[in-house]
1. Can you pull out every residue in region 214-236 that is part of a loop (DSSP other than H, G, I, E, B) and either among the aliphatic types (A, V, I, L, M) or within 14 Å of Gly152 (Cβ to Cβ) (or both)?
2. Kindly indicate whether Thr208 is over 21 Å from Arg283 (Cβ atoms), hydroxyl-bearing (Ser, Thr, Tyr) and in contact with a strand residue (DSSP E or B) (Cβ under 8 Å, 6 or more places away or on another chain).
3. With (1) at pLDDT below 95; (2) over 21 Å from Ala181 (Cα atoms); (3) surrounded by fewer than 17 Cβ atoms within 10 Å (Cβ to Cβ) as the list, and Ile278 as the residue in question, which single condition is left unmet?
4. Among the listed residues Pro110, Pro117, which satisfies the condition of being open to solvent by 60 Å² or more (accessible area, probe 1.4 Å), more than 30 Å from Gly59 (Cα to Cα) and touching a residue at least 12 places away in the same chain (Cβ under 8 Å)?
5. Residue by residue through region 69-84, note down the ones that are crowded, with 24+ Cβ neighbours inside 10 Å and either touching a Lys or Arg at 6+ places or on another chain (Cβ under 8 Å) or in a loop (DSSP other than H, G, I, E, B) (or both).
6. Show me the helices (runs of 4 or more DSSP H) entirely contained within region 110-213 in which 1 or more residues are of a type in the set (Ser, Thr, Tyr), modelled with pLDDT under 95 and within 14 Å of the chain's Cα centre (by Cα).
7. Filtering region 214-261 down to residues that are within 19 Å of the chain's Cα centre (by Cα) and among the small types (Gly, Ala, Ser), which residue is least open to solvent (accessible area, probe 1.4 Å)?
8. Show the residue pairs meeting these rules: Cβ distance below 6 Å; 6+ apart or different chains; first residue within region 142-167 and at negative phi and polar (S, T, N, Q); second residue at pLDDT 95 or above and open to solvent by 30 Å² or more (accessible area, probe 1.4 Å).
Amino acid sequence: MRLLILGGTRFVGRHLAEAALARDWDVSLFHRGQSNPDILPEATHLLGDRLADLSALEGGTWDACVDTCGYFPRAIQMAGSALKDRVGHMAFVSTISVYQGGNATSVGSPVATVADPTTEVVDGETYGGLKVLCEEELIKHFPRNSWIVRPGIIAGPYDPTDRFTYWIDRVANYKAFVKPARLNQPIQAVDARALGEFILDGLMDKQTQTVNTVGPEAALDFDHFLKRIRRELRTDEFTLMPRPEDLRLPLELPPDENQFFAVDPTPAIDLGLNLPSIRTTIRSTYEWWKTQDRKLSTERPELEEVLRDADTIIE
(Lines give C-alpha, C1' and ligand atoms only; values in the text may rest on other atoms or scores of the structure.)
Protein backbone atom coordinates (compact mmCIF):
# COMPACT_ATOMS: atom_id res chain seq x y z
CA MET A 1 0.00 0.00 0.00
CA ARG A 2 1.36 3.41 -1.00
CA LEU A 3 0.14 5.91 1.57
CA LEU A 4 0.40 9.69 1.54
CA ILE A 5 -0.17 11.57 4.80
CA LEU A 6 -0.73 15.31 4.77
CA GLY A 7 1.01 16.05 8.04
CA GLY A 8 2.52 13.03 9.71
CA THR A 9 5.15 14.37 12.10
CA ARG A 10 3.17 15.60 15.11
CA PHE A 11 0.29 13.69 16.67
CA VAL A 12 -2.36 11.66 14.83
CA GLY A 13 -0.34 11.78 11.62
CA ARG A 14 2.73 10.51 13.41
CA HIS A 15 0.81 7.57 14.89
CA LEU A 16 -0.62 6.86 11.44
CA ALA A 17 2.83 6.90 9.89
CA GLU A 18 4.33 4.65 12.56
CA ALA A 19 1.49 2.15 12.22
CA ALA A 20 1.68 2.14 8.42
CA LEU A 21 5.44 1.63 8.47
CA ALA A 22 4.96 -1.25 10.91
CA ARG A 23 2.72 -2.81 8.24
CA ASP A 24 5.53 -2.39 5.68
CA TRP A 25 3.55 0.17 3.71
CA ASP A 26 5.29 2.68 1.46
CA VAL A 27 4.71 5.93 3.37
CA SER A 28 5.12 9.50 2.14
CA LEU A 29 4.73 12.46 4.49
CA PHE A 30 3.94 15.91 3.12
CA HIS A 31 4.87 18.58 5.66
CA ARG A 32 6.72 21.85 6.14
CA GLY A 33 9.73 20.33 7.85
CA GLN A 34 9.14 22.37 11.01
CA SER A 35 7.79 19.82 13.51
CA ASN A 36 10.07 16.85 14.26
CA PRO A 37 11.69 16.93 10.81
CA ASP A 38 14.19 14.17 11.65
CA ILE A 39 11.73 11.47 12.72
CA LEU A 40 10.63 8.47 10.67
CA PRO A 41 13.60 8.22 8.29
CA GLU A 42 12.00 5.11 6.74
CA ALA A 43 9.31 7.33 5.21
CA THR A 44 9.65 9.60 2.19
CA HIS A 45 9.51 13.22 3.32
CA LEU A 46 7.97 15.65 0.83
CA LEU A 47 8.54 19.22 1.96
CA GLY A 48 6.17 22.00 1.06
CA ASP A 49 3.37 24.22 2.28
CA ARG A 50 -0.21 23.14 1.62
CA LEU A 51 -1.31 26.76 1.29
CA ALA A 52 1.55 27.95 -0.89
CA ASP A 53 3.63 25.20 -2.48
CA LEU A 54 2.33 21.74 -3.38
CA SER A 55 5.00 21.09 -6.01
CA ALA A 56 6.48 18.22 -3.98
CA LEU A 57 3.32 16.25 -4.72
CA GLU A 58 3.68 16.56 -8.49
CA GLY A 59 4.17 13.29 -10.32
CA GLY A 60 3.38 11.05 -7.35
CA THR A 61 0.57 8.51 -7.15
CA TRP A 62 -0.73 6.82 -4.04
CA ASP A 63 -3.26 4.14 -3.21
CA ALA A 64 -4.57 6.21 -0.33
CA CYS A 65 -4.12 9.56 1.41
CA VAL A 66 -5.03 10.81 4.89
CA ASP A 67 -5.43 14.52 5.52
CA THR A 68 -4.72 15.14 9.20
CA CYS A 69 -4.33 18.92 9.10
CA GLY A 70 -7.08 20.54 7.04
CA TYR A 71 -8.74 23.35 8.96
CA PHE A 72 -10.38 25.57 6.34
CA PRO A 73 -11.80 24.87 2.90
CA ARG A 74 -9.10 26.60 0.84
CA ALA A 75 -6.60 24.05 2.14
CA ILE A 76 -8.87 21.18 1.09
CA GLN A 77 -9.55 22.75 -2.29
CA MET A 78 -5.84 23.06 -3.04
CA ALA A 79 -5.04 19.53 -1.91
CA GLY A 80 -8.05 18.15 -3.77
CA SER A 81 -7.08 19.84 -7.00
CA ALA A 82 -3.54 18.50 -6.70
CA LEU A 83 -4.48 14.93 -5.75
CA LYS A 84 -7.92 14.09 -7.18
CA ASP A 85 -6.53 12.08 -10.10
CA ARG A 86 -3.56 10.61 -8.24
CA VAL A 87 -5.02 9.15 -5.02
CA GLY A 88 -7.13 6.01 -4.92
CA HIS A 89 -8.90 6.67 -1.62
CA MET A 90 -9.00 9.81 0.51
CA ALA A 91 -9.59 10.00 4.27
CA PHE A 92 -10.13 13.25 6.15
CA VAL A 93 -9.65 13.61 9.91
CA SER A 94 -12.50 15.93 10.89
CA THR A 95 -14.00 16.35 14.39
CA ILE A 96 -17.20 15.82 16.37
CA SER A 97 -17.10 19.60 16.86
CA VAL A 98 -18.92 19.75 13.50
CA TYR A 99 -22.19 19.18 15.38
CA GLN A 100 -24.28 22.07 16.62
CA GLY A 101 -23.79 22.72 20.32
CA GLY A 102 -21.61 19.65 20.76
CA ASN A 103 -24.71 17.49 20.24
CA ALA A 104 -23.00 14.56 18.50
CA THR A 105 -25.66 11.95 19.15
CA SER A 106 -25.30 10.52 15.64
CA VAL A 107 -23.66 11.23 12.30
CA GLY A 108 -26.98 12.66 11.09
CA SER A 109 -27.16 15.31 13.83
CA PRO A 110 -27.38 18.97 12.72
CA VAL A 111 -23.99 20.46 11.92
CA ALA A 112 -22.44 23.81 12.77
CA THR A 113 -22.23 26.82 10.50
CA VAL A 114 -19.76 29.68 10.31
CA ALA A 115 -20.78 33.30 9.75
CA ASP A 116 -17.96 33.99 7.28
CA PRO A 117 -17.10 30.91 5.21
CA THR A 118 -13.98 32.63 3.87
CA THR A 119 -12.44 33.19 7.28
CA GLU A 120 -9.18 31.47 8.06
CA VAL A 121 -9.27 32.33 11.74
CA VAL A 122 -9.66 29.03 13.57
CA ASP A 123 -11.07 29.45 17.08
CA GLY A 124 -13.89 28.22 19.27
CA GLU A 125 -16.46 30.12 17.21
CA THR A 126 -15.31 28.97 13.76
CA TYR A 127 -13.64 25.58 14.24
CA GLY A 128 -16.67 23.31 13.85
CA GLY A 129 -18.26 25.24 11.01
CA LEU A 130 -15.00 25.39 9.06
CA LYS A 131 -14.56 21.64 9.43
CA VAL A 132 -18.04 21.15 7.96
CA LEU A 133 -16.98 23.22 4.95
CA CYS A 134 -13.79 21.17 4.70
CA GLU A 135 -15.81 17.97 4.58
CA GLU A 136 -18.02 19.39 1.83
CA GLU A 137 -14.98 20.49 -0.16
CA LEU A 138 -13.42 17.06 0.15
CA ILE A 139 -16.52 15.37 -1.24
CA LYS A 140 -16.51 17.74 -4.23
CA HIS A 141 -13.07 16.49 -5.22
CA PHE A 142 -13.49 12.85 -4.17
CA PRO A 143 -17.23 12.17 -4.58
CA ARG A 144 -16.92 8.38 -4.69
CA ASN A 145 -13.71 7.66 -2.83
CA SER A 146 -13.66 9.83 0.29
CA TRP A 147 -14.03 8.90 3.93
CA ILE A 148 -14.77 11.34 6.75
CA VAL A 149 -13.62 10.38 10.25
CA ARG A 150 -14.88 12.57 13.11
CA PRO A 151 -12.86 12.01 16.29
CA GLY A 152 -13.71 13.36 19.70
CA ILE A 153 -10.91 14.42 22.03
CA ILE A 154 -7.81 12.46 21.02
CA ALA A 155 -5.35 11.35 23.71
CA GLY A 156 -2.03 9.59 23.92
CA PRO A 157 1.69 10.12 23.31
CA TYR A 158 2.76 13.08 21.13
CA ASP A 159 -0.35 15.10 22.04
CA PRO A 160 0.60 18.77 21.50
CA THR A 161 -2.59 20.08 23.12
CA ASP A 162 -1.85 18.48 26.52
CA ARG A 163 -5.54 18.56 27.47
CA PHE A 164 -5.61 14.94 28.62
CA THR A 165 -2.00 15.14 29.78
CA TYR A 166 -2.76 18.09 32.08
CA TRP A 167 -4.70 15.91 34.50
CA ILE A 168 -2.15 13.10 34.39
CA ASP A 169 0.55 15.63 35.24
CA ARG A 170 -1.52 17.02 38.11
CA VAL A 171 -2.14 13.62 39.70
CA ALA A 172 1.46 12.49 39.15
CA ASN A 173 3.22 15.61 40.40
CA TYR A 174 0.90 17.53 42.73
CA LYS A 175 -0.43 16.66 46.15
CA ALA A 176 -3.11 19.33 45.82
CA PHE A 177 -4.62 20.92 42.74
CA VAL A 178 -7.68 22.87 41.66
CA LYS A 179 -10.71 20.65 41.20
CA PRO A 180 -12.71 20.42 37.98
CA ALA A 181 -15.78 22.60 37.78
CA ARG A 182 -18.08 19.56 37.73
CA LEU A 183 -16.85 16.25 39.07
CA ASN A 184 -19.85 14.57 37.46
CA GLN A 185 -18.99 15.85 33.97
CA PRO A 186 -18.39 12.93 31.59
CA ILE A 187 -14.93 12.34 30.12
CA GLN A 188 -14.35 10.56 26.83
CA ALA A 189 -11.15 10.35 24.78
CA VAL A 190 -10.11 8.17 21.85
CA ASP A 191 -6.60 6.72 21.92
CA ALA A 192 -4.54 8.14 19.05
CA ARG A 193 -2.93 4.79 18.26
CA ALA A 194 -6.30 3.04 18.04
CA LEU A 195 -7.55 5.85 15.80
CA GLY A 196 -4.53 5.44 13.54
CA GLU A 197 -4.98 1.69 13.15
CA PHE A 198 -8.71 2.18 12.51
CA ILE A 199 -8.04 4.65 9.71
CA LEU A 200 -5.49 2.35 8.07
CA ASP A 201 -7.92 -0.57 8.23
CA GLY A 202 -10.65 1.61 6.74
CA LEU A 203 -8.41 2.60 3.86
CA MET A 204 -7.73 -1.05 3.15
CA ASP A 205 -11.49 -1.68 3.11
CA LYS A 206 -12.14 1.46 1.01
CA GLN A 207 -14.48 2.70 3.72
CA THR A 208 -16.76 5.64 2.84
CA GLN A 209 -19.19 5.68 5.79
CA THR A 210 -18.80 8.87 7.84
CA VAL A 211 -18.17 7.86 11.43
CA ASN A 212 -17.72 9.38 14.88
CA THR A 213 -14.64 7.95 16.58
CA VAL A 214 -14.74 8.47 20.33
CA GLY A 215 -13.45 6.91 23.50
CA PRO A 216 -14.75 3.79 25.17
CA GLU A 217 -16.39 5.04 28.35
CA ALA A 218 -19.01 7.72 28.04
CA ALA A 219 -20.13 6.86 31.60
CA LEU A 220 -16.75 7.86 33.05
CA ASP A 221 -16.93 11.17 34.90
CA PHE A 222 -14.20 13.57 36.06
CA ASP A 223 -14.19 12.16 39.58
CA HIS A 224 -13.60 8.58 38.44
CA PHE A 225 -11.18 9.73 35.73
CA LEU A 226 -8.89 11.32 38.33
CA LYS A 227 -9.16 8.29 40.58
CA ARG A 228 -8.26 5.98 37.69
CA ILE A 229 -5.19 8.07 36.97
CA ARG A 230 -4.15 7.78 40.62
CA ARG A 231 -4.66 4.02 40.67
CA GLU A 232 -2.84 3.50 37.38
CA LEU A 233 0.13 5.65 38.42
CA ARG A 234 0.01 4.37 42.02
CA THR A 235 0.32 7.84 43.46
CA ASP A 236 -0.76 9.04 46.88
CA GLU A 237 -4.15 10.54 47.60
CA PHE A 238 -4.53 14.10 46.37
CA THR A 239 -6.55 17.03 47.65
CA LEU A 240 -8.89 18.97 45.38
CA MET A 241 -8.67 22.67 46.08
CA PRO A 242 -11.41 25.33 45.70
CA ARG A 243 -11.65 26.94 42.29
CA PRO A 244 -10.65 30.50 41.54
CA GLU A 245 -13.39 32.38 39.74
CA ASP A 246 -13.58 32.60 35.94
CA LEU A 247 -11.33 29.61 35.39
CA ARG A 248 -11.61 27.08 32.54
CA LEU A 249 -9.38 24.03 32.85
CA PRO A 250 -8.52 21.45 30.14
CA LEU A 251 -11.31 19.01 29.21
CA GLU A 252 -13.92 21.08 31.03
CA LEU A 253 -17.19 21.62 29.21
CA PRO A 254 -19.55 24.54 29.68
CA PRO A 255 -22.49 23.81 32.01
CA ASP A 256 -25.11 21.47 30.54
CA GLU A 257 -22.97 20.51 27.51
CA ASN A 258 -22.29 16.92 28.52
CA GLN A 259 -23.23 15.47 25.14
CA PHE A 260 -19.80 16.25 23.64
CA PHE A 261 -18.30 13.61 25.96
CA ALA A 262 -21.21 11.17 25.83
CA VAL A 263 -21.08 9.88 22.26
CA ASP A 264 -21.89 6.26 21.44
CA PRO A 265 -18.73 4.50 20.18
CA THR A 266 -20.67 1.47 18.90
CA PRO A 267 -20.91 2.46 15.20
CA ALA A 268 -17.15 2.92 15.00
CA ILE A 269 -16.52 -0.28 16.96
CA ASP A 270 -18.79 -2.10 14.50
CA LEU A 271 -16.56 -0.76 11.70
CA GLY A 272 -13.44 -2.06 13.44
CA LEU A 273 -12.34 0.57 15.97
CA ASN A 274 -10.44 -1.42 18.60
CA LEU A 275 -10.39 0.75 21.71
CA PRO A 276 -7.96 0.10 24.54
CA SER A 277 -9.07 0.74 28.11
CA ILE A 278 -8.71 4.26 29.47
CA ARG A 279 -6.07 2.83 31.82
CA THR A 280 -3.87 1.92 28.84
CA THR A 281 -4.16 5.43 27.43
CA ILE A 282 -3.36 6.94 30.83
CA ARG A 283 -0.27 4.78 31.29
CA SER A 284 1.16 5.33 27.79
CA THR A 285 0.53 9.07 27.98
CA TYR A 286 2.27 9.25 31.34
CA GLU A 287 5.30 7.28 30.12
CA TRP A 288 5.63 9.61 27.14
CA TRP A 289 5.10 12.75 29.22
CA LYS A 290 7.94 11.78 31.55
CA THR A 291 10.34 12.02 28.60
CA GLN A 292 9.29 15.56 27.67
CA ASP A 293 11.49 18.43 28.74
CA ARG A 294 8.93 21.20 28.43
CA LYS A 295 6.00 22.81 30.18
CA LEU A 296 2.45 21.79 29.43
CA SER A 297 1.05 23.76 26.53
CA THR A 298 -2.01 24.37 28.73
CA GLU A 299 0.12 26.28 31.26
CA ARG A 300 -0.78 29.75 30.05
CA PRO A 301 0.66 32.66 32.08
CA GLU A 302 -2.79 33.71 33.26
CA LEU A 303 -3.55 30.14 34.34
CA GLU A 304 -0.29 29.85 36.23
CA GLU A 305 -1.10 33.04 38.12
CA VAL A 306 -4.48 31.89 39.38
CA LEU A 307 -3.24 28.39 40.20
CA ARG A 308 -0.04 29.41 41.94
CA ASP A 309 -1.50 29.43 45.44
CA ALA A 310 -3.78 26.44 44.95
CA ASP A 311 -1.69 23.75 43.22
CA THR A 312 1.00 22.30 45.48
CA ILE A 313 3.87 20.40 43.88
CA ILE A 314 4.95 17.16 45.52
CA GLU A 315 8.32 17.75 47.16
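The values are calculated or read from the model by the stated rules, or taken from the named source; none is laboratory data. Owing to the predicted nature of the structure, the values given are computational and were not obtained by experimental measurement. Please note: Cβ atoms are built from the backbone with ideal geometry, for glycine as well, and neighbour counts cover all protein chains shown. Accessible surface is based on the protein model in full, side chains and every heavy atom, while ligands, DNA and RNA are left aside. Shrake-Rupley method; radii C 1.70, N 1.55, O 1.52, S 1.80 Å.
1. Once the filter is applied, which keeps residues that are part of a loop (DSSP other than H, G, I, E, B) and either among the aliphatic types (A, V, I, L, M) or within 14 Å of Gly152 (Cβ to Cβ) (or both), region 214-236 yields Val214, Gly215, Pro216, Glu217, Ala218, Ala219, Leu220.
2. It is true that Thr208 is over 21 Å from Arg283 (Cβ atoms), hydroxyl-bearing (Ser, Thr, Tyr) and in contact with a strand residue (DSSP E or B) (Cβ under 8 Å, 6 or more places away or on another chain).
3. Among (1) at pLDDT below 95; (2) over 21 Å from Ala181 (Cα atoms); (3) surrounded by fewer than 17 Cβ atoms within 10 Å (Cβ to Cβ), the lone unmet condition for Ile278 is (3).
4. Pro117
5. Initially, region 69-84 is screened for residues crowded, with 24+ Cβ neighbours inside 10 Å, giving 70, 76, 79.
Gly70, Ala79, listed by residue number.
6. Numbers: elements: 127-141, 163-173, 192-204.
Ranges flagged: 127-141.
7. Gly215
8. Note: pairs meeting the criteria are Ser146/Ile139.
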